[in-house]
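Participant: Pasting in a structure now, in structure tokens, and then I'll have a few things to ask.
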Amino acid sequence: MYLNDNSISGSIPNYLANYTQLTRLHLGHNNFSGSIPPELGKRTALSELNLFMNNLVGFIPRDINLTKMEEFSVTSNMLSGHLPNNICVSGLLTHFTVSDNLFSGHVPNSLKNCSSLVRVRLEHNQLTGNISQYFGIYPELDYMDLSYNKFYGEVSGNWGSCLSLTSLKMSNNNLTGKISTELGGATNLVRLNLSSNHLVGEIPTSFERLGSLVNLYLDDNKLSGKFPKSLGNLHNLEELNLAQNSLTGSIDETLGECFKLRILNLSNNFFEGAIPVPISKLKSLDKLDLSHNNLTGSIPSQLGGLNVLQTLNLSHNNLSGSVPSSFTEMLGLTTVDLSFNQLEGPLPKMRAFEDAPKEALGHNKGLCGNNTGLDCPTMQATDHGHKKKVSFVILIILPALGIMLLVVFMVVAFFCLHKRNPNLENVRPQETRAKPFTIWSYDGKMVYERIIEALDDFDSRHVVGVGGYGTVYRAELSSEVYAVKKIHATEDGEMQNLKSFENEIRALTEIRHQNIVKLYGFCSHSRHSFLVYEFLSGGSLRNILNHMEQAVEFDWNKRVTAVKSIAKALSYMHHDCSQPIIHRDLSSNNVLFDSEWVAHVSDFGTARLLKPDSSNWTSFAGTFGYIAPGIIQLASNKLNCMYSQDLFINFFFVFCFLFFAELAYTMEVNEKCDVYSFGVVTLEVIMGKHPRDILLTSIDDMNAISHTEILDQRLPPPTKQTANEVELLVEVAFSCVHKSPQCRPSMRDASLGLVSGTHAAKRPNKIPK
């Protein structure tokens, strides 16, 4: 009897005991309450009993018949008491999952020799006892989680003999002693979490044999010794956390060989010496925390090459020198902390430093810049001609022009937003507020609490990415994995970016498309506000293209399919929704893939619904490098050329050009903004990198570019049929990045052209077959 995933309430009926031939009973993911009927196991010989995710209380009946039990799951209830001692009396038990309850006492004795076990989950209970004595060797065991209990003892060497084991989690217990070197024998381990215990000694060198390891968490222990070189051999490692231990010596340079690393946390140790330059080779790194150590020397300028890095914490060290100007190339950087060092000089001019709180930059020798409240000293002029003129422009004319630009922008914005859209005043944020988790058909309070619990109250170990207005976590609920975006909050609890939060809800509740990330629910709570999406394990397009092995696996067929999928999603948003939706921030960071390489458009925090009776003018939004040409880009291009010509003439030219040539459409939002961004992303897929040089060329120069030369050289040339499709991608992309919005195709035309294999701008084929 399978009744999982319904909304059945009340107690479990006693009459189920009358079905004497019943062997499989699945009542999971409902709203059953009360206790497990004692009669249920008296007359039946159940082999599968699944009661997970209900509201059951009380004990497991003592006289329940377990003679044929193969699967037993009561996860996520409120059951208490002791676990049944004879749970594996038959020797057939494969799945034993009782996590997220209130069970106490010892682990059942029958589990020690239960060689049939495949999956065991005991986490989040109050179980106790010596963990070294309760478990044996299990040849079929794949998953074992004993976290968040009161176990003590040592990490037994028996686990190293479980050759099928892929996940071993024992965090947040009272384990002591050294980590057994025999653990290195479990060569299929993918996840190992021993954090938050009292383990001592060195990290075993035998860990170099764990070549499949993806996640290694040993943080919050009492481990000592030097950084093990053996970790450099773990080439599949994506997350490494050794924080809050007593590790010494220098950070070994072999760490730079772990090319897949996304999260690296070595904070709160006693590491010394310089920051290893090879860390700059970790192109997939999005979180780096080396804080609270004794690191010295300067910050390597090569770290600027970590262009997907989002969080950087180097605080509480003895670093000296200046912050490298190469940091401006770190386009993904959003959070930075350099406090309590000996740094000096100007800060890089980028959003991460401009938005950083002063505490994150304080207690240094002499950092200067807008965010520190200290002006950087001006360069003394040695040339009484040209350099005097430069200083005069920088100190007097630039601020004056900046103030004039700001005033005019404010006037124009006020006029456009209030004059052209008289209904704006009637819009209130409260209108988009909805009951928490209204999209899910579950009890909101229950799901809220389980998400908080699954993420350990938003512990950083579950972080998979940090964005402009929220942090994304990986949450596992009842064997299902979800992505949870927690909205940034201020110290007083107020939610930041309320409009982005509401925009994303408004947009995604209007959308149902296979190539757009699915929103399952949201919660607006005084303590935590977050959105819950489907979890896409393939990662972002940017990370894939920046990772050598993944980029090669992302072959031409997959790339063509991905671009077509993105085009379909945007065409649906622009032309098939009851009210057109403009994304406004399409970039390679906001295109995610599932495990089957299916592309999904994500991150709708800046999305905007277009209203037919509105002028649709708005403030600036988007990611630099993907925004259609406007004031900011043109001004930047002009200012880059100033020092090669007369400064005053250039400034006058730029000032006039900005106001009279570009202002008319810079703040207006229409679907052609997304079309341009789509063209940039398409070229990025084709080239394997951002097409910044191509975007700076004129249309004529662009059409003269050899298509063969811009193909990603990491892939072999496409075959004949695929070459035609790639050629079409190039043609469509070039038409989409046209400087004039009127010359760009609609997303419907672009999508239909890619599907049908024709395009209006098609030229003779330039890609060899």
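Participant: When the residues of the range 167-210 are narrowed to those that are among the hydrophobic types (A, V, I, L, M, F, W, C) and farther than 19 Å from R119 by Cα, which ends up nearest to the chain's Cα centre (by Cα)?
Facilitator: Among residues in the range 167-210 that are among the hydrophobic types (A, V, I, L, M, F, W, C) and farther than 19 Å from R119 by Cα, the one nearest to the chain's Cα centre (by Cα) is L210.
Participant: When you scan the range 714-731, how many residues do you find that are under 20 Å from Q550 (Cα atoms) and of a type in the set (D, E, K, R)?
Facilitator: The qualifying residues number 1.
Participant: When the residues of the range 336-373 are narrowed to those that are of a type in the set (A, V, I, L, M, F, W, C), more than 21 Å from N265 (Cα to Cα) and assigned to a loop (DSSP other than H, G, I, E, B), which ends up modelled with the highest pLDDT?
Facilitator: L347
Participant: Further question: Say we look at the range 241-275 and pick out the residues that are touching a residue at least 40 places away in the same chain (Cβ under 8 Å) and among the small types (G, A, S); which of these is farthest from N341 (Cα to Cα)?
Facilitator: Restricting to residues being touching a residue at least 40 places away in the same chain (Cβ under 8 Å) and among the small types (G, A, S), the top hit is A243.
Participant: Please determine whether any residue of the range 270-280 is on the phi > 0 side of the Ramachandran plot and not polar (S, T, N, Q).
Facilitator: Yes: the range 270-280 contains one or more residues that are on the phi > 0 side of the Ramachandran plot and not polar (S, T, N, Q).
Participant: Mind counting the residues in the range 14-42 that are touching a residue at least 24 places away in the same chain (Cβ under 8 Å) and either part of a loop (DSSP other than H, G, I, E, B) or among the aromatic types (F, W, Y) (or both)?
Facilitator: Result for the range 14-42: 13.
Participant: Check every one of the strands (runs of 3 or more DSSP E) wholly within the range 291-335 and list those with 2 or more residues that are under 19 Å from E359 (Cβ atoms) and either over 20 Å from the mean Cα position of the chain (by Cα) or among the aliphatic types (A, V, I, L, M) (or both).
Facilitator: 318-321
Participant: Can I ask one more? Quick check on this structure: which one of L213, L231 is of a type in the set (A, V, I, L, M, F, W, C), outside any strand (DSSP E or B) and more than 21 Å from the chain's Cα centre (by Cα)?
Facilitator: L231
Participant: Further question on the same structure: Under 7 Å by Cβ, and 6 or more places apart or on different chains, what pairs join a residue from the range 717-729 that is free of Cβ contacts under 8 Å to residues at least 60 places away in the same chain with one that is assigned to a helix (DSSP H, G or I) and not β-branched (V, I, T)?
Facilitator: Within 7 Å, the pairs are E727/H707; L728/L754.
Participant: Hey, could you check the range 8-22 for residues that are modelled with pLDDT under 90 and hydroxyl-bearing (S, T, Y) and say which is surrounded by the most Cβ atoms within 10 Å (Cβ to Cβ)?
Facilitator: The selected residue is Y19.
Participant: Answer yes or no as to whether V336 is closer than 22 Å to C376 by Cα, of a type outside the set (D, E, K, R) and not assigned by TED's automatic domain parsing to the domain that holds R542.
Facilitator: yes
Participant: Output the residues belonging to the range 1-13 that are touching a strand residue (DSSP E or B) at 6+ places or on another chain (Cβ under 6 Å), closer than 20 Å to F59 by Cα and in a strand (DSSP E or B).
Facilitator: S9, S11
The values are calculated or read from the model by the stated rules, or taken from the named source; none is laboratory data. Keep in mind that what you see is a predicted model, and the values were worked out from it rather than measured. Ideal geometry is used to build each Cβ from the backbone, glycine not excepted, and the neighbour counts take in all protein chains shown.
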